[in-house]
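The values are calculated or read from the model by the stated rules, or taken from the named source; none is laboratory data. Quick caveat, the model's predicted, so the values are computed rather than measured. When we count neighbours, we look across all protein chains shown, and the Cβ atoms used for this are built from the backbone with ideal geometry, even at glycine. Just the protein is used for accessible areas: all its heavy atoms, side chains included, with ligands, DNA and RNA removed. Shrake-Rupley method; radii C 1.70, N 1.55, O 1.52, S 1.80 Å.
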Amino acid sequence: MAGSGSAHLRGDAAVLSVENLEVEYHTAGGSFKAVAGVSFDLLPGETLGIVGESGCGKSTTGRAVLRLDPIANGHVRFRDETIETASHQRMRELRRDMQMIFQDPVSSLNPRRLVKDIITEGLAIGGQGAKERAAVVPELLEQVGLPPERFAEMSPRQLSGGQAQRVAIGRALAVRPGLLICDEPVSALDVSVQAQILNLLEDLKSKYDLTIVFIAHDLGVVRSFSDKVLVMYLGKTCEFGDSVEVYERPAHPYTRGLLDSVPSPEVEGGFVGPALQGDLPSPLNPPSGCRFRARCPMSQDKCAVDEPAMREVRPGQYAACHFPLV
Amino acid sequence: MTAGAIPRELGVENAERMAVATPQVSLPRKRLSILVVFSYVWIALIVLLAVVAPILPIAAYDQSVGAPRQAPKFGELNTLLGTDQVGRSLLSRVIYGAQVSLVVGAVAGLSGAALGTVLGLLAGYFRKGTDWVITLIADVLLSFPVLVLLLAITAIFSPSIPVLVVGLAIAGTPTFMRLARANTMAWTSREFVRAARNMGASSTRILIREILPNVVPSLAAYMPLVIAALIVAEGSLSFLGLGVPPPTPSWGGLISSGAVDLRTAPYMVFVPATVLFLTVFALNQGGEHLRHRFDRNLQD
Amino acid sequence: MSDRALLEVTDLHAYIGSPRGVVKAVDGVSFTLQHGEALGVVGESGSGKSVMARAVMGLMPARSGRTGQVLFQGRELLTMKPKELQEVWGKQIAMVFQDPGRSLSPVVRVERQLTEGMRRHLGISRTEANSRALDLLREVGVPDPERRLRAYPHELSGGMRQRVMIAVALACEPDLLIADEPTTALDVTIQRQVLDLLRRVQTQRRMSLVLISHDLHVVAGRTDRTAVMYAGRIAEIGSSRTVFQDPHHRYTHALLSATPTIHHERHAPLNVIPGSLPSPTHPPAGCRFAPRCAAASQECTQAQPPMLQFSDDLDAACIHPVNTKEGELVGR
Ligand SMILES: Nc1ncnc2c1ncn2[C@@H]1O[C@H](COP(=O)(O)OP(=O)(O)OP(=O)(O)O)[C@@H](O)[C@H]1O
Ligand SMILES: Nc1ncnc2c1ncn2[C@@H]1O[C@H](COP(=O)(O)OP(=O)(O)OP(=O)(O)O)[C@@H](O)[C@H]1O
Ligand code: SF4
Ligand code: SF4
Ligand SMILES: [Mg+2]
Ligand SMILES: [Mg+2]
């Protein structure tokens, strides 16, 4: 098992199944694996939160699932389709069923087009005529909470971040996807607007029976939104499990460290546990064995030699660690 | 918590100041510089005169209106700017010359822009081999001095307006190609392009609907600068006798034919040269201004 | 109180001219900061936190104006001459910015950036400044400080750069450190390290600290007092614990209940604050939160609500505060 293992996969029942995914980037400093053997899957209607620090490969994973980034190795299965080998033509059809919402709402809307054109873009590509599209604009805008009279003719430059994100959500849902990948959909928004978007996503999720991959670095946001959570570190998986259980009893030392770094003003000192030491290593030159070992308070000799694989530490909870916290 | 809340006390002097003191701030005003205003007025005037030339009360450009080599003098419209070696009105020739120079500059500029944009879009979007080939062509074209290139073209085909336009258009293409390529690369990395691809949009659709509308404004802002350069190039060619064939006047041609009498009748060079200079200057000024206004897209 | 507060800001207004009109970025802010105290300033993007800090420092952009009073150790900063201000900056008040890329010069080695201020303000020799620089880097937890001194800022990671920034700010032993979102660009685990560091140096040096953040959770556990800003004004100010656990202003309350924490119940809808921030050039009259406030009444929209003292350690500018029993509601 080269990567971090796939013991936590749940087999054929999953709508989306990602196994040992690897994505490589070639930069001036050399090639490196931004995603180095990540596995996860989603049951129908489930929401999977992916958390981890900047640069751990969350966005790359999301994009690779849609083949917006090339898949170097591994398997991605959506329903009965194998994504990594699907033809270009088939991929174009498939992508409509797997939509993505991006972190920067402003940059994800074309500044030279009107809101009504943007939100029906998927329908236009699907071959719908101008008349049919004009007819659905009000409904599409309304479902994301934007009054059509006011917003249909606006240009993206006139929208606030929250409004722009609503348009992006409307655009993605217009093609009625089964799977929605949200890449940090609220990180760029103000706290007071963030809740509006999260509630909207939650509503639309139950309305359309969506299966959602929810990428975020805010642990609170993920907790409130996800059923399952996957913790990533430097292109690898650390822990997978039910989000409530993982938050309550993290098994991987990194998950523990992440949770302890969340400010909690209720306790003396502002944090519930000790800080993680050290810096994130460069992905160009990751540590041998367990990639977290340089910062891990539990690290032992074995960690430098053997890469840990995902294994069940408690029913339904998996961690890639030789010495999990139990 | 104590019952009720007590208003915070304000010191007397603070309370007093509070009533009046909010900062006075002046707003930044966008003022057009006098040069830019002059430039736009000048361009408008030249274009207008060129367009309405046939209905102006001036003599035809190939018709003698009096003695040759008359110095400019007020009073009579046709001799306002003097006459040339065969007594044709310089005013008329400069105005009709504007038609030729502007049309040649603009048509060549637009064609160059169109060709350059298409190539630049393809190179910037597809990268890899496409980019390599297109960039190579542009580099080869750019490493030729424009004048040498044009000389070569006009030497092969006999000088005529269409040949000139084609030659100048080829000369203008690489500039636009480079601009379009850089802009395309920047816009392609934006997330709305990724979003469109994820909707199943074809590359053609992405190029035309998503990227092109964003690239065009910044290219258009460069248009006046390129037209100005092309007008100068046309002038240089005419000066070398390879420009628009006589008797059709162009500014370059006027300067060239006046040059023989530079010592005795300097105005024959100065009049068209001044008009050419002012127009090129105005186009450059206007272009700079437009560029500042519209080439911002990449930053915001 | 016998001895004076370190910093007394009274009715500070800071307006900035922009093409769209006068931005009332800071519009009537008053607070005091004691010696050795840590004050948190919280607010959403655009609420005026940075402009407030810059107005206090005297680092305003062109076409701007300030009124009010900023007394630092009894000296009025607002009217101070640039020459004198230069003396105050660095030596008495230092600032750490959100984006270290902008305030560390990319072409100058860490060493020079650290020692320059010391040599100018403290008039010490080069070797002495160098050894102090090493000590400083050690103090802020930069591993391998000898090597880091020779590095250029771009060779350091984000967290490391932010530590260097803090070291630069501490170099001349300022009495007040203003940290403007020092951790926003950082990852949670690194943010945690930097926050711990700030708190540690602040207590060790008995320095005063203004910690600016858009996240109430970040400042509440790390500061003595917290001010919540909304649209250029302080909505609520008091001891951090009270502001966080028992806020009275409707905005603070709404903000806290709109923020999902790691204890939030799964899939439970979040409390939403409708609408968005008011226009900074034409803010609504009266309470600026009124268009979005569930409890807003006629009275709220008429005049600016006065700052009311609810307890020893809490002031809020709200006419219908939360967490107050009916009988305790302020009548007028
Ligand atoms: N197009 C690219 N070319 C080269 N390297 C890239 C590219 N995109 C991402 N990377 C690198 O790949 C790694 C993973 O990046 P990714 O964007 O997936 O991280 P992330 O977890 O989404 O982080 P963030 O929270 O900052 O969005 C990082 O080290 C990043 O620098
Ligand atoms: N140089 C400037 N010119 C014009 N307006 C400005 C300038 N700087 C700030 N502003 C405006 O002043 C208001 C307050 O800005 P400020 O930067 O203080 O907000 P902030 O609370 O620090 O927000 P953030 O969390 O985004 O840093 C905003 O409306 C902003 O647009
Ligand atoms: S494998 Fe070792 S180094 Fe890695 S997380 Fe577990 S204990 Fe720490
Ligand atoms: S003053 Fe009125 S409008 Fe403002 S927060 Fe309080 S209740 Fe709401
Ligand atoms: Mg990302
Ligand atoms: Mg700020």
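For A:L230, the residues whose amide H sits under 5 Å from its own are A:G49, A:I50, A:V51, ignoring neighbours fewer than 5 places away on the same chain, with H placed 1.01 Å from N. What average number of partner chain Cβ atoms lie no more than 10 Å from the Cβ of the residues making up C:44-51? What the average comes to for C:44-51 is 2.
Compared with the dominant Cα axis of chain B, that is its longest principal axis, helix B:212-239 is turned about 20°.
Could you run the numbers on buried accessible area between C and A, total for both chains, 1.4 angstrom probe, in Å² to the nearest 100? Show your work: numbers first, answer last.
Numbers: alone 16490 and 14840 Å², together 27820 Å².
So the total buried area for this chain pair works out to about 3500 Å².
For B:F38, B:F176, C:F244, the ranking by accessible surface with the largest value first comes to B:F38, C:F244, B:F176, using a 1.4 Å probe.
Once you sort the root eigenvalues of the Cα gyration tensor of the range A:1-97 as a ≥ b ≥ c, which label holds: rounded (a/c under 1.5), prolate (a/b larger than b/c) or oblate (the other case)? In terms of gyration-tensor shape, oblate.
Under a 5 Å amide H cut-off, with hydrogens placed 1.01 Å from N, C:V41 pairs with C:L211, C:I212, C:S213, C:A227 among residues at least 5 apart or on other chains. For the pair A:F323 and A:V272, a Förster radius of 25 Å applied to the C-beta separation gives a FRET efficiency near 0.75, rounded to the nearest 0.05.
For the range A:255-272 versus the range C:233-282, the spacing of their alpha-carbon centroids is 20 Å.
If R₀ is 51 angstrom, what is the calculated FRET efficiency for the pair C:Y152 and B:F144, using the beta carbon separation as r and rounding to 0.05? The pair C:Y152/B:F144 has a calculated efficiency of 0.80. When DSSP beta bridges are restricted to pairs lying wholly in the range A:179-282, around 55% turn out antiparallel.
As a quick test, which of the pairs A:K131/A:K205; C:K49/C:K81; A:K33/A:K116; A:K116/C:K49 have an alpha carbon distance above 31 angstrom in this structure?
Values: A:K131/A:K205 28 Å; C:K49/C:K81 24 Å; A:K33/A:K116 39 Å; A:K116/C:K49 36 Å.
In this structure, A:K33/A:K116; A:K116/C:K49 lie more than 31 Å apart at Cα.
Whole-Hz Karplus values for the range A:311-326 come out as 8, 6, 9, 9, x, x, 10, 10, 9, 9, 7, 6, 10, x, 7, 10 Hz, taken residue by residue from phi with 6.51 cos²θ - 1.76 cosθ + 1.60 and θ = phi - 60°; glycine and proline positions read x. Placing B:K73, C:K83, A:K33, A:K205 in order of accessible area, with the largest value first and a 1.4 Å probe, yields C:K83, B:K73, A:K33, A:K205.
Only protein heavy atoms count here, probed at 1.4 Å, and on that basis chains B and C bury about 2100 Å² of accessible area in total.
Sorting A:V222, B:V133 by accessible area puts them as B:V133, A:V222; the probe is 1.4 Å, largest comes first, and only protein heavy atoms count.
For the pair the range B:53-69 and the range A:120-182, the centres of their Cα atoms are 62 angstrom apart. Rolling a 1.4 angstrom probe over the protein assembly as shown with all protein chains present gives an accessible area of which 56% lies on carbon and sulfur atoms. Interface residues of the range A:178-196, defined as those losing at least 30 Å² of solvent-accessible heavy-atom surface relative to the isolated chain (probe radius 1.4 Å), are listed as A:D190, A:V191, A:S192, A:A195, A:Q196.
Within the protein assembly as shown, antiparallel bridges make up roughly 65 percent of the DSSP beta bridges whose residues both belong there. In order along the range C:23-38, the Karplus-derived 3J(HN,Hα) couplings, from 6.51 cos²θ - 1.76 cosθ + 1.60 at θ = phi - 60°, round to 7, 8, 5, 10, 9, x, 10, 10, 6, 10, 10, 7, 4, x, 8, 10 Hz, and Gly and Pro are given as x.
Taking a virtual spin label 7 Å from the Cα of C:S311 along the C-beta vector, which residues in the range C:230-269 bring their backbone nitrogen under 20 Å of it? Hits in the range C:230-269 for C:S311 at 20 Å: C:235-257. With a simple spin-label model that places each label point 7 Å from the Cα along the Cα-to-Cβ direction, the separation between A:S160 and C:N323 comes to 2.5 nm. The distance from the alpha carbon centre of the range B:234-259 to that of the range C:114-168 is 68 Å, rounded to a whole number.
Helix-only estimate, please: 222 nm mean residue ellipticity of chain C, summing -39500 (n - 2.57) across DSSP H runs of length 4 or more and dividing by its residues, to the nearest 500.
Values: 12 runs with 108 residues, N = 332.
Roughly -9000 deg cm²/dmol at 222 nm, from the helical runs in chain C.
How much accessible area per residue does the protein assembly as shown have, counting only protein heavy atoms and a probe of 1.4 Å, in square angstrom?
On the way: 40850 Å² over 958 residues.
Accessible area per residue, the protein assembly as shown: 43 Å².
Counting Cβ atoms of other protein chains within 10 Å of each Cβ in A:102-111 and taking the mean gives 5.
Using the Cβ-Cβ distance between A:E142 and C:Q302 with R0 set to 25 Å, the FRET efficiency works out to roughly 0.15. C:K91 sits with roughly 70 Å² accessible to a 1.4 Å probe, with DNA, RNA and ligands left out of the calculation. Total buried accessible area between A and B, probe 1.4 Å, nearest 100: 2100 Å². Measuring with a 1.4 angstrom probe and ignoring ligands and nucleic acids, A:S192 comes out at about 0 Å² accessible. Here the label points at A:R249 and A:S54, each 7 Å from Cα along the C-beta direction, are separated by 3.5 nm in the simple model.
Which whole number gives the average count of other chain Cβ atoms within 10 Å of the Cβ atoms across peptide A:112-121?
Working: counts 12, 5, 0, 0, 0, 1, 3, 0, 0, 8.
Taking the mean over all residues of the peptide, I get 3.
Would you mind checking the range B:208-250 for residues with the amide N under 18 Å from a putative spin-label position 7 Å along Cα→C-beta of B:L56? The answer is B:248-250, whose backbone nitrogens lie closer than 18 Å to the label point. Cys residues of chain A that find no other Cys beta carbon under 4.7 Å: A:C56, A:C182, A:C238, A:C296, A:C321.
In this simple spin-label model, placing a label point 7 Å from the Cα along the Cα-to-Cβ direction at both B:H292 and A:A134 gives a separation of 4.1 nm. Taking amide hydrogens as placed 1.01 Å from N in the peptide plane, the amide H of C:I273 sits under 5 Å from those of A:Q196, each at least 5 positions away in sequence or on another chain. Protection proxy ranking, highest mean first, for peptides A:84-97, C:131-144: C:131-144, A:84-97, where packing is the per-residue count of other beta-carbon atoms within 10 Å, averaged. Around the Cα centre of chain B, unit charges on the Cβ atoms of Lys, Arg, Asp and Glu (plus for the first two, minus for the last two) sum to a dipole of about 500 debye.
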